[in-house]
Amino acid sequence: IQGIILGGMAFVLVRWKPQLVSHVSRAIVEHPFVSAAMGLLVGVVALVLLVLMAFTIILIPVSFLAGLVFLLAVFFGWIAFGKAVGRLVVNLFKWDLKPAAAAAVGTLVFVVAMNLLALIPLIEGIIPILLAVTGLGAVFLTRFGIIEFVPVTDESGRDF
């Protein structure tokens, strides 16, 4: 059910705002280590901040809304992963699908694969958390897909 819901969300999001998902997907595919590092940083800081805000009575609703935005950012990262997987599946099987349908199929395949990997005993929690952190980092690197992530380069043109 989770894969179908996220696949539908991917279809709608890629249909209406394709650039947002494309920017996040490119950041995941081209810069996975930077995305994972940023996601780990954002995840730790956001969780600590949400708990600290929840200690005050006045900021409990704000922490609830911020947690909802955090959860939507994770789902957006999964949809961007799904778009990348959809592009891979379409190229692999030589299908003729529109980008929105490819993103929906890719998101469904991604969620099913992630849930199947979660059944393996020793890596049951590591892989889904790593994928969620990488997607979250790409979402924040691209500012929710608004800009394209371009890494910093030195004077010789090498990436850091």
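The values are calculated or read from the model by the stated rules, or taken from the named source; none is laboratory data. All values reported here derive from a predicted model rather than from experimental measurement. Glycine also receives a Cβ, built like all others from the backbone with ideal geometry; neighbour counts cover every protein chain displayed. With ligands, DNA and RNA removed, areas are computed over all heavy atoms of the protein, side chains included. Shrake-Rupley method; radii C 1.70, N 1.55, O 1.52, S 1.80 Å.
Scanning the stretch 10-21 for residues that are among the hydrophobic types (A, V, I, L, M, F, W, C) and closer than 13 Å to residue 86 by Cβ, we see that the one that is surrounded by the most Cβ atoms within 10 Å (Cβ to Cβ) is 10.
Could you tell me whether the stretch 73-80 includes any residue that is open to solvent by less than 40 Å² (accessible area, probe 1.4 Å), in contact with a Lys or Arg (Cβ under 7 Å, 6 or more places away or on another chain) and among the β-branched types (Val, Ile, Thr)? Please lay out each step first, then the result.
Step one: of the stretch 73-80, the residues open to solvent by less than 40 Å² (accessible area, probe 1.4 Å) are 73-74, 76-80.
Of the ones still in play, those that are also in contact with a Lys or Arg (Cβ under 7 Å, 6 or more places away or on another chain) are none.
No, the stretch 73-80 contains no residue that is open to solvent by less than 40 Å² (accessible area, probe 1.4 Å), in contact with a Lys or Arg (Cβ under 7 Å, 6 or more places away or on another chain) and among the β-branched types (Val, Ile, Thr).
If only one of 111, 24, 90 is surrounded by 19 or more Cβ atoms within 10 Å (Cβ to Cβ), farther than 18 Å from residue 135 by Cβ and either in contact with a Leu (Cβ under 9 Å, 6 or more places away or on another chain) or of a type in the set (Gly, Ala, Ser) (or both), which one is it? Give the derivation first.
Details: 111 fails: farther than 18 Å from residue 135 by Cβ; 24 fails: farther than 18 Å from residue 135 by Cβ.
The conditions single out 90.
Among the residues of the stretch 114-136, those identified as part of a loop (DSSP other than H, G, I, E, B) and open to solvent by 70 Å² or more (accessible area, probe 1.4 Å) are 119, 120, 121, 122, 124.
Only one of these is free of Cβ contacts under 8 Å to residues at least 40 places away in the same chain and among the small types (Gly, Ala, Ser): 113, 36, 84. Name it.
Answer to the check: 113.
Taken across the stretch 101-108, residues that are polar (S, T, N, Q), touching a residue at least 40 places away in the same chain (Cβ under 8 Å) and open to solvent by less than 50 Å² (accessible area, probe 1.4 Å) do occur, with at least one present. Can you tell me which residue among 93, 110, 55 is at pLDDT below 95, within 20 Å of residue 126 (Cβ to Cβ) and among the aromatic types (Phe, Trp, Tyr)? Answer to the check: 110. The residue of the stretch 48-65 that is most open to solvent (accessible area, probe 1.4 Å), among those that are touching a helix residue (DSSP H, G or I) at 6+ places or on another chain (Cβ under 6 Å) and either within 20 Å of residue 139 (Cβ to Cβ) or among the acidic types (Asp, Glu) (or both), is 50.
If the condition is being among the β-branched types (Val, Ile, Thr) and not in a loop (DSSP other than H, G, I, E, B), then the stretch 137-154 contributes 139, 153. Being modelled with pLDDT under 95, open to solvent by 90 Å² or more (accessible area, probe 1.4 Å) and not basic (Lys, Arg) is a description that applies to residue 5.
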